[in-house]
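Trainee: Got a structure for you, written out below as structure tokens; questions coming shortly.
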Amino acid sequence: MPIPSLQQEFQVSFSYPVHFTEGLFAPGNRLLRDTLAPAAGGAPSRVFFTLDSGVAEQHPQLIHQIEAYCTAHADALQLSGPVLLIPGGEQCKNQPELVQQVLEAVNTYHLDRHAYLAAIGGGAVLDMVGYAASVAHRGVRHVRIPTTVLSQNDSGIGVKNSVNAFGKKNFLGNFAPPFAVLNDFQFLLTLDERDWRAGMAEAVKVSLLKDAPFFHFIRDHASALAARDMAAMQHLIHRCAELHLQHIASGDAFEQGSSRPLDFGHWSAHKLEQLSYYRLRHGEAVAIGIALDSVYSHLAGLLPAAALAEIIDVLRALGFALYAPEMAAHLADATHPASLLHGLQEFREHLGGQLTIMLLKGVGQGLEVHEISEQLIAEAVQYLQEAETLVASPTH
Ligand SMILES: NC(=O)c1ccc[n+]([C@@H]2O[C@H](COP(=O)([O-])OP(=O)(O)OC[C@H]3O[C@@H](n4cnc5c(N)ncnc54)[C@H](O)[C@@H]3O)[C@@H](O)[C@H]2O)c1
Ligand SMILES: [Zn+2]
């Protein structure tokens, strides 16, 4: 008698809020308290904060404010240990000892699965701390407090955590939804020009794939956005976050298929970040990647010239450069690790399965393809290089 196979099947549903506020740590702002407060009659919730050093520099009072906030709300919140500073920026994802340091804090301060490990910072710090939170005790509650445009509208609101390894971006990581996301717009006031701008590339991306009116909003407010108009930025962040959340909920949240539709422009962006040794911010590389795949879509006969021109104009009006010298290096040899084209192979490998690249056939209309012409990529790179030269010296 054969022994029958067993089939296991169950579903786990996830739910978490993404809140928007200003002055999260002002003593009178109850959002943090209400988000973390224990059930009626329970002991105060234990919370440990990690903080991006770049944020700490710009907000020297912040650690004191966090402590004062927890003291003012001592019936609901208890600080488990001193705020831990994490070096801000991509480098924090390249240093395994920093993951170890967060894990040590979980151990030292006895954070269990009902305690909160909060991270305040840009996308890099959130990715790294989120990764540590998800592996400690197989997952302590992770609260994200994103402080850049990119992390408030994209990276900090989703389900992915990661660090870099073997010279590859996000090689180690997992899908672990946060407990809650708290977006405080006041943090955006201290961003430098590049970080104010960079995250807007993700909004352009998602608008091009899913929401033409949103793209038109960005087009119509491009100069205000570039000039740091806060009301326009708040709308951009809110709508971009909403579209990302809807996308995650409606499809393949844990990316089990071969396609990653929201990664329009990202195969080259990830490669360019790596090739530029992270000189390019993620969002800056995404802007170039959007331009490249839009030009490619046009050259491949999918995207009308007028739509391409509009996309390029909007990216420029937001202040993005649309070419980087790394794009042209070793372009004839897709097997060369420093060739942009090698990024196609790495992108496929990261997901597994068949190569799947999102292109555009119109504003608000994506189209997935499984084959990419290296020749057309080379032409698209040349197109952007020439266009950038014209922008740099308009009289010629
Ligand atoms: N998990 C995901 O789904 C996902 C998605 C997209 C991107 N990402 C990742 O996000 C990272 C990029 O995040 P990012 O664009 O936020 O940049 P970042 O985290 O690298 O931060 C950029 C710089 O801004 C500083 N900073 C942060 N907040 C500040 C503030 N309020 N005022 C002044 N300075 C501040 C940081 O210290 C850092 O020096 C990349 O590692 C990327 O891979 C993750
Ligand atoms: Zn991105």
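Trainee: Give me the one-decimal nm value for the distance between modelled label points at Ser13 and Gln354, 7 Å along each residue's Cα-to-Cβ direction.
Mentor: 3.3 nm
Trainee: Starting from 0.36 nm per residue, how many nanometres of slack lie between Ser53 and Lys168 once their C-alpha separation is accounted for?
Mentor: Between Ser53 and Lys168, full extension yields an extra 39.0 nm.
Trainee: Now for a different question. Using a Gaussian network for the chain with springs between C-alpha atoms less than 10 Å apart, which of these wobbles most: Phe264, Phe254, Phe179?
Mentor: Sorting by GNM fluctuation, first place goes to Phe254.
Trainee: Let me ask something else. For a quick check, take a GNM of the chain with Cα springs below 10 Å and name the residue from Leu225, Leu318, Leu62 with the largest mean-square fluctuation.
Mentor: For the chain, modelled as a Gaussian network with Cα springs under 10 Å, the answer is Leu62.
Trainee: With each label point set 7 Å from Cα along the Cα-Cβ vector, what nm distance links Arg113 and His370?
Mentor: In this crude label model, Arg113 to His370 measures out at 4.0 nm.
Trainee: Suppose R0 equals 45 Å; then what is the FRET efficiency for Ala334 and Ala249 from their Cβ-Cβ distance, rounded to the nearest 0.05?
Mentor: With a Förster radius of 45 Å, E is 0.80.
Trainee: Go through the stretch 183-198 residue by residue and turn each phi into a ³J(HN,Hα) via Karplus (6.51, -1.76, 1.60, θ = phi - 60°); whole Hz please, and just put x for glycine and proline.
Mentor: Rounded to whole hertz, the list is 8, 10, 5, 4, 4, 5, 5, 9, 5, 6, 4, 5, 6, 4, 6, 3.
Trainee: Using θ = phi - 60° and the Karplus relation 6.51 cos²θ - 1.76 cosθ + 1.60, list the HN-Hα couplings for the stretch 214-219 in order, rounded to whole Hz, with x at every Gly or Pro.
Mentor: Whole-Hz 3J(HN,Hα) from phi for the stretch 214-219: 5, 4, 5, 4, 4, 4.
Trainee: Same structure, new question: Sorted by mean Cβ packing within 10 Å, highest first, what order do the peptides 115-123, 33-41 take?
Mentor: Descending mean neighbour count gives 115-123, 33-41.
Trainee: Across the chain, how many lysine pairs separated by 8 or more positions, or lying on different chains, have Cα atoms within less than 22 Å?
Mentor: Final tally of qualifying lysine pairs is 15.
Trainee: Also, I was wondering about something else. Project the alpha carbons of the chain onto their principal axes and report the range along each, largest first, in whole Å.
Mentor: Result for the chain: principal-axis Cα extents of 73, 68, 37 Å.
Trainee: Here's something else I'd like to know. Could you please state, rounded to a whole Å, how far the C-alpha centre of the stretch 83-136 is from the C-alpha centre of the stretch 8-73?
Mentor: Value for the Cα centre distance between the two parts: 15 Å.
Trainee: Okay, next question. In nm, to one decimal, how far is the modelled label at Asp192 from the one at Gln234, with both set 7 Å along Cα→Cβ?
Mentor: 2.8 nm
Trainee: Still on this structure: Along the stretch 270-283, what does the Karplus equation 6.51 cos²θ - 1.76 cosθ + 1.60 (θ = phi - 60°) give for ³J(HN,Hα), rounded to whole Hz, x for Gly and Pro?
Mentor: Those phi angles translate into 4, 5, 5, 4, 5, 5, 8, 6, 6, 4, 7, 5, 3, x Hz.
Trainee: In whole Å, how far is the Cα centre of the stretch 213-292 from that of the stretch 335-396?
Mentor: The two parts, judged by their Cα centres, are 16 Å apart.
Trainee: Follow-up. State the extension gain, in nm to one decimal, for the chain segment bounded by Glu242 and Glu386, taking 0.36 nm per residue of separation less the distance between their alpha-carbons.
Mentor: Full-extension gain reported as 48.2 nm.
Trainee: At 222 nm, what helix-only mean residue ellipticity would the chain give, in deg cm²/dmol to the nearest 500, using -39500 (n - 2.57) for each DSSP H run of four or more?
Mentor: Using -39500 (n - 2.57) per qualifying helix, the result is -13500 deg cm²/dmol.
Trainee: Which cross-chain or sequence-distant (5 or more) residues have an amide H under 5 Å from the amide H of Leu85, H modelled 1.01 Å from N in plane?
Mentor: Leu51
Trainee: Now for a different question. Loop-only check: which trypsin sites (Lys or Arg not before Pro) in the stretch 160-268 are DSSP coil with at most 14 other Cβ within 10 angstrom?
Mentor: Counting only loop positions with at most 14 other Cβ atoms within 10 Å, the trypsin sites (Lys or Arg not before Pro) in the stretch 160-268 are Arg228.
Only the coordinates and a few stated rules stand behind these numbers; no lab work does. All values reported here derive from a predicted model rather than from experimental measurement. With ideal geometry, Cβ positions are generated from the backbone for all residues, glycine too; neighbour counts draw on all protein chains shown.
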